[in-house]
1. For the range 318-332, name all the residues that are assigned to a loop (DSSP other than H, G, I, E, B), surrounded by 14 or more Cβ atoms within 10 Å (Cβ to Cβ) and either hydroxyl-bearing (Ser, Thr, Tyr) or under 24 Å from the mean Cα position of the chain (by Cα) (or both).
2. Looking at this structure, is residue 90 surrounded by fewer than 21 Cβ atoms within 10 Å (Cβ to Cβ), modelled with pLDDT under 95 and outside any loop (DSSP other than H, G, I, E, B)?
3. Within the range 152-159, is there a residue that is surrounded by fewer than 19 Cβ atoms within 10 Å (Cβ to Cβ), among the hydroxyl-bearing types (Ser, Thr, Tyr) and in contact with a strand residue (DSSP E or B) (Cβ under 9 Å, 6 or more places away or on another chain)?
4. Where residues in the range 334-365 are within 17 Å of the chain's Cα centre (by Cα), assigned to a strand (DSSP E or B) and modelled with pLDDT of 95 or more, which of them is nearest to residue 73 (Cα to Cα)?
5. Evaluate the following for residue 125: is it in the same structural domain as residue 197 (by TED's automatic domain parsing) and of a type in the set (Val, Ile, Thr)?
6. What strands (runs of 3 or more DSSP E), lying completely within the range 200-306, carry at least 2 residues that are more than 25 Å from residue 361 (Cα to Cα)?
7. If a residue has to be assigned to a helix (DSSP H, G or I) and under 16 Å from residue 293 (Cα atoms) to count, how many in the range 152-186 make the cut?
8. Among 411, 340, 431, which is the only one that is farther than 30 Å from residue 141 by Cβ and touching a residue at least 24 places away in the same chain (Cβ under 8 Å)?
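The values are calculated or read from the model by the stated rules, or taken from the named source; none is laboratory data. Everything quoted here is computed from the prediction, not taken from an experiment. Note: ideal-geometry Cβ built from the backbone for every residue, glycine included; neighbour counts use all protein chains shown.
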Amino acid sequence: MKFQEFSKFPGGVHPTDGLDKRLSNQESIFKYIPEVVEISMKQSGGSACQVVVKQGDHVTIGQIIGEPKGFGAAAIHASMNGTVIEIKIVKDAKGQETTVCVIQAEETKLIENELEYSNKLIDLTDISKERIIGAMKDSGLIGMGGAGFPTHIKYETNKKIQYVLINGAECEPFLTCDHRLMLEYGMEIVNGANLLVKAADATKGIICLEDNKKDAAEHLKKLLGDVSSSLEVKVLPTKYPQGGERQLVQAVTGIEVPMGGLPADVGIIISNVATAKAIADMIFAQIPLVSRCITITGRVKKPRNYLVPIGTKFSDLIELSGGFEVTNNRLILGGPMTGACLAINVKAEELEGSVTKTSSGIVVLENNNEGESPCIRCEACARVCPAGIVPFKINHAYIDENIDICEKLYATECIGCGSCSYVCPAKIELAYRVMEARGEINRRKRERGVK
């Protein structure tokens with residue numbers, strides 16, 4: 001593989017000037033312990049887990065409370081010591097029912113790592129690949145920067161892996177939780193990255209950052225020092241959606257992932273920096289995935305990052321951040337480019353939902369009710385699409401309910417980055433409709449038994 005100093009991927013945008021990041025990346029991560037956690041049994045895009053505790057049970061931190069029963073699910077653990085006070089059924093934004101385990105906490109604290117792996121590189125000679133992959137499964141580890149696919153499945157590939165890319169690009173506007181993790185938990189991430197390289201039998205691991213995080217890059221390079229390691233730090237030009245799997249592969253290696261393929265098909269596995277920290281916590285401290293860092297930012301009075309137990313209520317975090325600055329608000333779960341609308345014009349105390357393993361942030365924006373205008377066929381969406389498709393054509397076909405045309409226009413290659421919607425002068429929800437078309441195509445394929 002040939003590495004280029006300023007390698008690029010096609011398309012992409014520069015949606016902000018950096019002021020959005022500075023809202024929350026200037027202060028250290030704040031550690032918060034709530035009185036109650038509400039832990040959903042659906043923590044990723046895969047199957048839900050089956051709750052294995054009942055009301056009145058006493059649970060301890062790290063105890064399994066949800067067992068995976070289908071593909072794409074990972075074990076769920078109690079994030080606090082306490083008592084199960086309710087097992088309730090809630091409906092998500094799509095109307096699907098999900099079980100939630102409510103735990104009243106005892107006096108406790110977040111598990112903190114004050115062990116050797118927090119301070120120096122650890123020799124992995126006596127740690128086998130099988131042990132690392134087993135720990136991924138036991139800890140309920142999932143990808144913490146994307147759709148939440150169980151990590152152990154990704155590393156059980158029979159493909160020959162050459163590189164593991166540790167994704168610290170964090171290209172979404174406003175979000176800075178990964179940035180702060182790299183600054184404050186750098187050695188845990190470095191040791192975790194080495195574990196991921198060994199789990200993949202890879203030649204090298206590359207921690208990938210954008211050049212708007214030079215402080216984190218320098219910090220990680222300093223931690224690596226001159227010690228022989230299977231890791232290097234790669235700084236990339238800031239460009240959205242750099243953190244997309246295919247885009248990151250192309251930016252770092254110059255290789256294109258084939259249509260319909262996965263990074264493993266070209267000898268690469270990608271994991272988020274938070275995932276790297278989590279596997280280090282499990283291997284070196286026997287701490288399963290029970291907490292995560294989340295950014296609360298935008299139109300709140302005190303934007304910042306929090307380290308919280310899984311199940312921490314969103315309303316608690318908004319209150320900690322001083323509440324909303326605007327009453328006509330729109331809350332985005334995740335980043336503003338790819339995140340889902342959590343609520344509109346809501347009061348903090350009315351906000352429902354809680355932190356899951358994939359909750360990277362809540363961005364509060366002023367609600368804008370601009371409607372769509374007719375498409376002028378300017379093709380701006382096609383010019384910025386990193387997947388090389390033509391969103392406005394797919395949009396027209398989808399509106400006409402012509403899913404066969406959507407498939408011929410390669411709607412399945414959409415990565416959902418939102419660049420098309422961002423640049424559209426007509427304010428058309430292109431990304432939403434192309435993603436809906438992709439989902440419908442895949443649903444029809446499953447019905448036909450086509451992979």
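1. 321
2. Numbers: surrounded by fewer than 21 Cβ atoms within 10 Å (Cβ to Cβ): yes; modelled with pLDDT under 95: yes; outside any loop (DSSP other than H, G, I, E, B): yes.
So residue 90 fits the description; yes.
3. Within the range 152-159, one or more residues are surrounded by fewer than 19 Cβ atoms within 10 Å (Cβ to Cβ), among the hydroxyl-bearing types (Ser, Thr, Tyr) and in contact with a strand residue (DSSP E or B) (Cβ under 9 Å, 6 or more places away or on another chain).
4. Filtering the range 334-365 for residues that are within 17 Å of the chain's Cα centre (by Cα), assigned to a strand (DSSP E or B) and modelled with pLDDT of 95 or more, the one nearest to residue 73 (Cα to Cα) comes out as 354.
5. Numbers: in the same structural domain as residue 197 (by TED's automatic domain parsing): yes; of a type in the set (Val, Ile, Thr): yes.
Answer is yes for this residue.
6. Working: elements: 204-210, 231-236, 268-272, 291-298.
Answer list for the range 200-306: 204-210, 231-236.
7. Final tally of qualifying residues: 9.
8. 411
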